[in-house]
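Below: one structure, written as structure tokens.
Nothing in this text is a laboratory measurement; each read-out follows from the coordinates by a stated rule. Fair warning: this is a prediction, and the values are worked out from it, not measured in the lab. Neighbour counts run over all protein chains shown; Cβ positions are idealised from the backbone, glycine included.
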Amino acid sequence: MRDGDGASPTLGFPMDDERLKLLVELLPYPVMLHDETGRVEFLNGSWVKLTGYSLADTPSLADWERLAFGAPELSSFSSSGERQVLTNDAELLIWDFSTIPVGRFADGRQAFLRTAVDLTARRRAERARRENAEKFSALAEESPLGIVMARNDQIVYCNGRAGDIFGVPSRLSQGLSLEEWLLAL
């Protein structure tokens, strides 16, 4: 973030530009503004709503990390990447953090904008999909019925019973087109 003369701009956020402050406050993504010493200057509404921690609870990154991660990790906490976050209600969230420098505060301190994307619902859905696939595989392998599944005209699954019924071993069926599989019968 540079002015036309190449000098770092003075960042008055969040106080001097009320429109910008309102915009950031209303973003659906968690946003934190802090300085290079770890002093937290601002948490937007999404951050507070999702975690249950206010600026009064987390005046520094060390305080935030103690609450969210169980211990301060300033030396090892990467400013980017996925982390599990413990909320004030003891719920475990999965956030993908990103931090960028955004200029300087009026008093000269370096300002950093830390954002997060809540991946919790996506990760839970992925885990449920994997668990359901594992349950299906276990049930399908035990089924007395022959089960063959195709996607885009290609065999993606064939249980052992189908291999017995049709005379094509299930391990050889996967990857065949439906036409190739039918010709092999």
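A Gaussian network model of the chain, with springs between Cα atoms under 10 Å, assigns the largest mean-square fluctuation among Val85, Val117, Val168 to Val168. Per residue, the average separation of C-alpha pairs within less than 8 Å and at least 6 apart gives the chain a relative contact order of 15 percent. Placing +1 on the Cβ of every Lys and Arg and -1 on the Cβ of every Asp and Glu, with nothing else charged, gives the chain a dipole about its Cα centre of roughly 340 debye.
In order along region 97-107, phi translates into HN-Hα couplings of 8, 8, 10, 9, x, 10, x, 10, 6, 4, 8 Hz, rounded to whole numbers, per the Karplus curve 6.51 cos²θ - 1.76 cosθ + 1.60 with θ = phi - 60° and x for Gly and Pro. Rounded, prolate or oblate: which fits the chain when a ≥ b ≥ c are the square roots of the eigenvalues of the alpha-carbon gyration tensor, with rounded for a/c under 1.5 and prolate only if a/b beats b/c? Note, shape of the chain comes out prolate.
3J(HN,Hα) couplings calculated from phi for region 178-185 with the Karplus curve 6.51 cos²θ - 1.76 cosθ + 1.60 (θ = phi - 60°) are, in sequence order, 4, 4, 4, 5, 5, 5, 6, 5 Hz; Gly and Pro show x. Once backbone amide H atoms are built at 1.01 Å from N, Ser60 has Val40 as its partners under 5 Å, excluding neighbours fewer than 5 places away on the same chain.
Taking a ≥ b ≥ c as the square roots of the eigenvalues of the Cα gyration tensor of region 43-140, is the shape rounded (a/c under 1.5), prolate (a/b larger than b/c) or oblate?
It comes out prolate by the Cα gyration axes.
Determine the shape class of region 97-155: with a ≥ b ≥ c the square roots of the Cα gyration tensor eigenvalues, call it rounded for a/c under 1.5, and otherwise prolate if a/b is greater than b/c, oblate otherwise. Note, shape of region 97-155 comes out prolate.
Against the chain, whose longest principal axis comes from its Cα atoms, helix 120-142 is set at around 10 degrees. Note on region 33-61 and region 80-111: Cα centroid distance 8 Å, given to the nearest whole angstrom. Please build a GNM for the chain, connecting alpha carbons under 10 Å apart, and tell me which residue among Phe166, Phe42, Phe136 fluctuates the most. Of the options given, Phe166 has the highest mean-square fluctuation.
Using a simple spin-label model with pseudo-atoms 7 Å out from Cα toward Cβ, Ala128 and Asp96 lie 2.0 nm apart. Among 103-114, 173-184, 30-41, the peptide with the highest mean count of other Cβ atoms within 10 Å heads the list, and the full ranking is 30-41, 103-114, 173-184.
Based on Cα contacts under 8 Å between residues 6+ apart, region 87-162 shows a relative contact order of 19 percent. Of the residues Ile94, Leu33, Ser177, the one whose Cα sits farthest towards the positive end of the charge dipole of the chain is Ser177 (charges of +1 on Lys and Arg Cβ, -1 on Asp and Glu Cβ, taken about the Cα centre). For region 148-158, 3J(HN,Hα) computed residue by residue from phi via the Karplus equation (6.51, -1.76, 1.60; θ = phi - 60°) reads 10, 10, 10, 9, 6, 6, 9, 5, 10, 7, 8 Hz, glycine and proline entered as x.
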